[in-house]
Amino acid sequence: MAKGLYKLPDLKYGYSDLEPHISEEQLRIHHDKHHQAYVTNANSLIEMMDKARKDGTDFDYKASSKALTFNLGGHVLHDYFWWGMTPESNSSKEPVGELAEVIKEEFGGFDRFKKEFSQAAATVEGSGWAALTYCKDTEKLMIMQIEKHNVNLVPDYPIIMDLDAWEHAYYIDYRNEKAKFIEAFWNIVNWEEIDKYFTKMRK
């Protein structure tokens, strides 16, 4: 991979390791096709821009900037999505450590947090995401809806975990029953790694 370009990340688990909650077919298509497309598109745009700058030529700045943020957003959000999951046998099923304490303090408990996060994923307009973020100014957790990959993002709010609510994330396994996919997701959250990241990020 050339300097300055992106690459598709390897998964930390096998394609069948998230079953029965996410099938091997669903995961392969989502990771190898959809995520790869965002990486490929972002790299193509960067190469086009680099060439234009070298040649002193113009390009459609508005369209190119929008396309780049869309594809880079897709790449980054999928990175968090893959990283935040683990086989069910490795999942604690509920938050642990410092993150668990903050969720209890701010939401009253995991059940309330789970309800709010699930509703954010279920009700995002069009194709989008639910994300847990953290505001360092107020020291509060925030649940955020992200439309597409790049609309409604709050600047400088680091993402702690996210859930892909695009149809391509679940349609093979769940057809139009997104709620079942969202419920299944909670069985494979990698709370231990998410807590480690959260604790490190707060410091």
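Of note:
- Averaging the sequence gap over all C-alpha pairs within less than 8 Å and six or more residues apart, then dividing by the number of residues, gives the chain a relative contact order of 25 percent.
- The chain: angle of helix 110-123 to the longest principal axis, Cα-based, in degrees nearest 10: 40 degrees
- Simple spin-label estimate for Glu25 and Glu101 in nanometres, 7 Å along Cα-Cβ: 4.6 nm
- Against the chain, whose longest principal axis comes from its Cα atoms, helix 191-202 is set at around 70 degrees.
- Between 0 and 90 degrees, the angle of helix 36-55 with respect to the longest Cα principal axis of the chain falls at about 30 degrees.
- Reachable lysines, given that their alpha-carbon falls under 16 Å from the alpha-carbon of Lys66 and they are not under 8 places away in the same chain: Lys148
- Candidates Ile172, Ile22, Ile160: whichever shows maximal mean-square fluctuation once the chain is modelled as a Gaussian network with Cα springs under 10 Å: Ile172
- Calculated FRET efficiency, Thr138 to Lys115, Cβ-Cβ distance, R0 = 25 Å: about 0.70 to the nearest 0.05.
- If the segment from Lys62 to Thr40 were pulled out straight at 0.36 nm per residue, it would be longer than the present Cα-Cα gap by 6.0 nm.
- Sorted by Cβ density within 10 Å, fewest first, the residues Leu132, Leu11: Leu11, Leu132
- Global size of the stretch 89-202: 13.9, 41 Å for Rg and Dmax (C-alpha atoms, Rg to one decimal, Dmax whole).
- Cross-link partners of Lys136 among lysines (Cα-Cα below 16 Å; sequence separation of 8 or more within a chain): Lys200, Lys203
- Counted charge near Asp164, where neighbours are those whose Cβ lies closer than 14 Å (Asp, Glu -1; Lys, Arg +1): -2
- Ordering Trp129, Trp83 by the number of other Cβ atoms within 10 Å of each residue's own Cβ, fewest first, gives Trp83, Trp129.
- Taken over the Cα atoms of the chain, the convex hull encloses 134 Å³ per residue.
- The chain - mean residue ellipticity at 222 nm from DSSP helices (-39,500 (n - 2.57) per run, n ≥ 4, rounded to 500): -15000 deg cm²/dmol
- Between Lys93 and Asp10, the FRET efficiency from the beta-carbon distance, with R0 = 22 Å, is close to 0.30.
All of the numbers you see were taken from the coordinates with simple rules; none came from a lab. None of the values given here were measured: they were computed from a predicted structure. Cβ sites come from the backbone with ideal geometry, for glycine too, and all protein chains shown count toward neighbours.
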